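FYI, it's all coordinate maths here, none of it is from the lab. Please read these numbers as outputs of a predicted model, since none were measured by experiment. Positions of Cβ are generated from backbone atoms using ideal geometry, with glycine treated the same way; all protein chains shown enter the neighbour counts.
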Amino acid sequence: MLKAAIIGASGYTGAELAGLIQAHPHLSLAGLYVSANSLDAHKPFSSLHPRWRGLIDLPLLPLDEEALSRIHTEADVVFLATAHEVSHDLATGFLAKGLPVFDLSGAFRVPGGDFYERFYGFEHQHQDWLGKAAYGLAEWNQADIRGAKLIAVPGCYPTAALTALKPLQKAGLIAANNKPIISAVSGVTGAGRKASLATSFSEISFKPYGVLNHRHQPEISYHLDNNPVVFQPHLGNFIRGILATIYVQLNDKVTDEQIAEAYHSAYDGQKIVRLTGAWPQINDVAGTPFCDLHWARDGNQLIVVSAIDNLLKGAASQAIQCINIHQGFSPVAGLVQE
């Protein structure tokens, strides 16, 4: 069994990771950690997340020097479900000890330029690792994931958008100089577990945010071979899930058969991405590792709808896909029955 340490295990994504690892046929939990000054330190994991009571009753240990030493000697891999700046500071220390790192933050997703200063508010100090990190879009980057020590698990919105757009881009069906328009809505768990009036369920109204300056826009564009996109996220008054409606201008004379071939050649045989034949909805994917896709066209205008669970395919279960690929396990081990 491969022993995995999770840092940031008290949050929603960290908790989902813990549950998936605990049930995985080839993984076990080496320890659950929170920041040294966290109010959750020393509490049993299951007291914060009772759905795992009796299954995962490990304590949430503070990440002090003793904990770091324990991880270096007892863990085989490390998952970082931490804030971007925290992952930035922690990842290289584990990598220096020879531990593969699966980072669920944005700290290593886009290399080069002033990206981190502009969109994340800090200057990146590890440009060498930015160039070596594999982007963990599991259905598309298997070779890179398999050979990397640092895997940057994609953001939730980019996962929904790129899964829908990359087959069209690879097949050359998107019109030149066209910016696909991505209108997406996420449940409130996307904002994290920390209490905030802005994400209090009683205060939430369906609303746009991050207008024209959201950090996921350049991430999507970069990993779409630098094809510009328009990206507009919305906050929905539901708990979990993302629904992305994507508008794409096609090249002239693109046929229905070419569109279908692009998607089927990309995803036939893939058990996580499902071409549904009907319009996806969040209830179909919430609590699952799946991404559901469907499309329709009117002339050169194509509409694609993508639905995922933001905490699973948008974070924790995609991280499990990545470690499955990295270690040579079945790509869907611990996620779906085979």
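What is the order of 130, 39, fewest Cβ neighbours within 10 Å to most? Write out the running numbers ahead of the final one.
On the way: 130 20, 39 9.
Result, fewest neighbours first: 39, 130.
Tell me which GluC sites (Glu not before Pro) from the stretch 40-148 have a DSSP coil assignment and no more than 12 other beta carbons within 10 Å of their own. Can you show the working numbers first?
Working: sites: 65, 66, 74, 85, 117, 123, 139; in loops: 123, 139.
Qualifying residues, ordered by number: 123.
Going by how many other Cβ atoms sit within 10 Å of their own, how do 235, 212, 58, 162 line up, fewest first?
212, 58, 235, 162
Could you grab the relative contact order for the chain? Cα pairs under 8 Å, six or more apart, rounded to a whole percent.
Reported as a whole number, the value is 17 percent.
Place a +1 charge on the Cβ of each Lys and Arg in the chain and a -1 charge on the Cβ of each Asp and Glu, then give the dipole magnitude about the Cα centre in debye, rounded to the nearest 20.
300
So what's the gap between the Cα centers of the stretch 244-289 and the stretch 44-75, to the nearest angstrom?
If we compute the Cα centre of each part, the gap is 39 Å.
Rounded to the nearest 0.05, what FRET efficiency do residue 57 and residue 283 have when you use their Cβ-Cβ distance and R0 = 41 Å?
Details: r = 31 Å, r/R0 = 0.76.
It comes to 0.85.
Name the residue farthest towards the positive end of the dipole of the stretch 156-308 from the options 262, 167, 286, assuming +1 on Cβ of Lys and Arg, -1 on Cβ of Asp and Glu, about the Cα centre.
Comparing the listed Cα positions along the dipole, 286 ranks first.
Over the stretch 1-83, calculate the relative contact order: mean separation of alpha carbon pairs under 8 Å at least 6 apart, over the residue count, as a percent.
For the stretch 1-83, the relative contact order is 40 percent.
Restricting to lysine pairs 8 or more places apart or on different chains, what number in the stretch 156-308 have Cα atoms under 27 Å apart?
Lysine pairs, 8 or more places apart or on different chains, close enough: 9.
What is the fewest-to-most order of 188, 230 by other Cβ atoms lying within 10 Å of their Cβ?
230, 188
Just to be sure I understand: if I project the alpha-carbon convex hull of the stretch 70-177 onto a plane and average over all orientations, what area do I get in nm²?
It is 7.9 nm².
In terms of Cα to Cα distance under 19 Å, which lysines are near enough to residue 3, apart from those fewer than 8 places away along the same chain?
Counting by Cα, and skipping residues close in sequence, residue 3 has these lysines nearby: 97, 149.
Got a sec? Charge dipole of the chain, +1 on Cβ for Lys and Arg, -1 for Asp and Glu; which of 122, 143, 272 is way out at the positive end?
Ranked along the dipole, the leading option is 272.
So which aspartates and glutamates can residue 132 reach, going by Cα to Cα under 17 Å and dropping same-chain residues fewer than 8 places off?
89, 103, 144, 219
Would you work out the relative contact order for the stretch 156-308, in percent, from Cα pairs under 8 angstrom that are 6 or more residues apart?
On the way: 281 pairs, mean separation 46.2, N = 153.
So the answer I get is 30 percent.
Take every Cα-Cα distance within the chain, group them into 20 Å bins from 0 onward, and report for each bin the whole-number percent of pairs it holds.
Taking every Cα pair in the chain, the percentages come to 32, 59, 9, 0.
State the Kirkwood hydrodynamic radius of the stretch 156-308 in Å, one decimal place, computed from all pairs of distinct Cα atoms.
16.0
Tell me which residues come under 5 Å, amide H to amide H, from residue 231 once H is placed; ignore anything under 5 positions away on its chain.
Under 5 Å from the amide H of residue 231 lie the amide H atoms of 182, each far enough along the sequence or on another chain.
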